[in-house]
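Working notes, beginning with the structure itself.
Readers should treat all values here as calculations from the given coordinates under stated rules, not as data from a laboratory. All values derive from a computational prediction rather than experimental measurement. Every residue, glycine among them, receives a Cβ derived from its backbone with ideal geometry; neighbour counts consider all protein chains shown.
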């Protein structure tokens with residue numbers, strides 16, 4: 001036995017992960033970030049990076065997952081592509097994340113997405129009655145609201161947001177820039193707790209068919225121009241339990257007949273169940289995971 005080697009390496013031929021040394025030894029990354037990145041690299045290349053699934057698998061909070069992802073984006077090892085919010089289907093993830101332990105490869109691979117400057121969603125703005133007709137509808141709306149965003153940012157010091165910018169950072173993870181401007185114009189002193197309640201109610205309002213657009217409902221509710229009509233009842237809870245139980249059984253059967261990994265099945269389950277109450281989904285997620293692992 002060679003006792004001169006202090007790093008004992010096993011030359012695996014299966015079930016192993018290759019890591020780029022420049023990532024593993026990047027001193028600008030915390031050990032926590034490197035560990036998070038290594039966990040992502042251990043997944044198949046077609047594995048969807050789902051923050052909700054990561055939170056459950058790693059047993060960490062939502063804010064922690066968000067911070068880790070944002071830090072990797074800031075360091076250049078992750079790229080976030082936001083889907084067209086107007087055409088996102090119910091249950092679909094609004095953001096697609098790409099991770100690579102090689103910055104140059106990540107930039108090259110995601111270059112087509114970075115070049116796409118098409119606005120993600122037509123802005124909603126309350127109180128605008130006239131816009132010049134010298135440009136196409138999409139261009140004039142975009143230019144108009146860019147000016148509005150710039151104007152609103154320049155006037156930050158005259159608002160309550162000057163002393164508390166955390167709400168804007170928080171909203172950027174959920175809403176597009178135009179909706180954020182409209183929301184904060186409607187209620188400049190909006191807090192994160194108030195927004196969380198409004199967003200949950202607007203989501204339920206949308207899913208129950210009482211509004212056509214969550215963002216529009218949010219802005220109107222913040223300005224006091226929307227009365228929520230949807231209420232959660234015991235019957236709704238019973239129905240949700242029945243639906244989630246059925247989805248667990250469905251994905252167990254699907255796993256037995258399809259060529260999907262357990263992680264892919266769990267990811268599909270979470271993506272499809274985003275519209276239901278989080279704690280309830282988490283409970284059935286754990287049930288599905290335990291049953292999959294016992295197979």
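Structure above, values below:
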quantity	calculated
Alpha-carbon centroids, the range 6-59 and the range 236-267: separation in whole Å	27
Fewest-first sequence of 177, 63 by Cβ atoms within 10 Å of each Cβ	63, 177
Spin-label proximity, residue 108 to the range 8-26 - amide N less than 20 Å from point 7 Å beyond Cα toward beta carbon	18-24
Peptide ranges 42-50, 69-77 listed from the most packed, as the mean C-beta count within 10 angstrom indicates	69-77, 42-50
Fewest-first ranking of 189, 263, using other Cβ atoms within 10 Å as the exposure measure	189, 263
The range 162-295 shape via C-alpha gyration tensor axes, a/c threshold 1.5	prolate
Additional length obtainable on full extension of the chain from residue 250 to residue 293, 0.36 nm per residue less Cα span	13.9 nm
Calculated FRET value between residue 17 and residue 191, using beta carbons and R₀ = 45 Å, to 0.05	0.60
